[in-house]
Amino acid sequence: MPRTATVTRKTRETDITATWDLDGGASEISTGIGFLDHMLEALAKHSGTGIRLSCVGDLHIDGHHTTEDCGIVLGQCLRQALGDRAGIERFGHIACPLDEALVEAVIDISGRGWLTYELAPAAASIGGLATELVPEFFGALADQACITVHLHQRAGRNSHHVVEAGFKAFARALRQAIRVTGSGVPSTKGLLA
């Protein structure tokens, strides 16, 4: 059964359509924020998934609505594409380096949304993306996907490296967690909710 979902969300602030294919495929990202595009492309590549996302947002105000709403839509896609979560590995854990930066990511596809975010990029903005919006993205994604996410910076000076290592670590941990390794729901409760 295909593990893919498409979500469209239109508000007065953003108009987003996204498709997330958990088993691969081409990726095409357009958010209007170059660095966010770069991070979402890294997410798709390193998770082994295919993401197609188009967002038109109120960037004349700032990048907040675009960034957070992309997290909301991708979280909804992930939740739908996972279905009842039967057969998945459920947990993922990796430490991902990028030069001097090192970020550890731990994921539990638990049915409960939670984010612990401990990245501290020094720069206020990277390539048009305010760094304070990075936890907004991950928080929205974790909440809407109903997954637990822990991101911990272990080292790093360069803000670009720190944030990119965070996205790549999340992606690689997600790749582990969504991998199909069995047939039943990986919970003693019998469901992940």
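For the range 58-65, does any single residue satisfy the condition of being closer than 17 Å to R9 by Cβ and free of Cβ contacts under 8 Å to residues at least 40 places away in the same chain?
Looking through the range 58-65, at least one residue is closer than 17 Å to R9 by Cβ and free of Cβ contacts under 8 Å to residues at least 40 places away in the same chain.
For the range 107-123, name all the residues that are surrounded by 15 or more Cβ atoms within 10 Å (Cβ to Cβ), assigned to a strand (DSSP E or B) and without any contact (Cβ under 8 Å) to a residue 40 or more places away in the chain.
Scanning the range 107-123 gives L115, Y117.
For the range 40-55, check the following and say yes or no: at least one residue is farther than 17 Å from A142 by Cα and more than 15 Å from the chain's Cα centre (by Cα).
yes
Restricted to the range 167-185, and to residues that are among the aliphatic types (A, V, I, L, M) and in a helix (DSSP H, G or I), which residue is surrounded by the most Cβ atoms within 10 Å (Cβ to Cβ)?
A169
Tally the residues that are touching a residue at least 40 places away in the same chain (Cβ under 8 Å) and more than 14 Å from the chain's Cα centre (by Cα), restricting the search to the range 18-38.
Number of matching residues: 3.
Can you pull out the residues in the range 16-36 that are in a strand (DSSP E or B), within 12 Å of V56 (Cβ to Cβ) and touching an Asp or Glu at 6+ places or on another chain (Cβ under 9 Å)?
Scanning the range 16-36 gives I16, S30.
In the range 107-145, which residue that is hydroxyl-bearing (S, T, Y) and in contact with a Ser or Thr (Cβ under 8 Å, 6 or more places away or on another chain) is farthest from L174 (Cα to Cα)?
If we take residues in the range 107-145 being hydroxyl-bearing (S, T, Y) and in contact with a Ser or Thr (Cβ under 8 Å, 6 or more places away or on another chain), then S125 is farthest from L174 (Cα to Cα).
Sort through E104, E164 and tell me the only one that's of a type in the set (D, E, K, R), in contact with a His (Cβ under 9 Å, 6 or more places away or on another chain) and outside any strand (DSSP E or B).
E164
May I ask you to verify whether H65 is more than 15 Å from the chain's Cα centre (by Cα) and within 27 Å of R112 (Cβ to Cβ)?
Criteria met by H65.
Which of the following residues is surrounded by fewer than 19 Cβ atoms within 10 Å (Cβ to Cβ) and in a helix (DSSP H, G or I): Q80, Q76?
On inspection, the qualifying residue turns out to be Q80.
Each value in this text was obtained by applying a stated rule to the coordinates, not by laboratory testing. As the structure is a computational prediction, the values presented were derived from the model and not from experiment. Here Cβ is always computed from backbone atoms with ideal geometry, including for glycine, and neighbour counts include all displayed protein chains.
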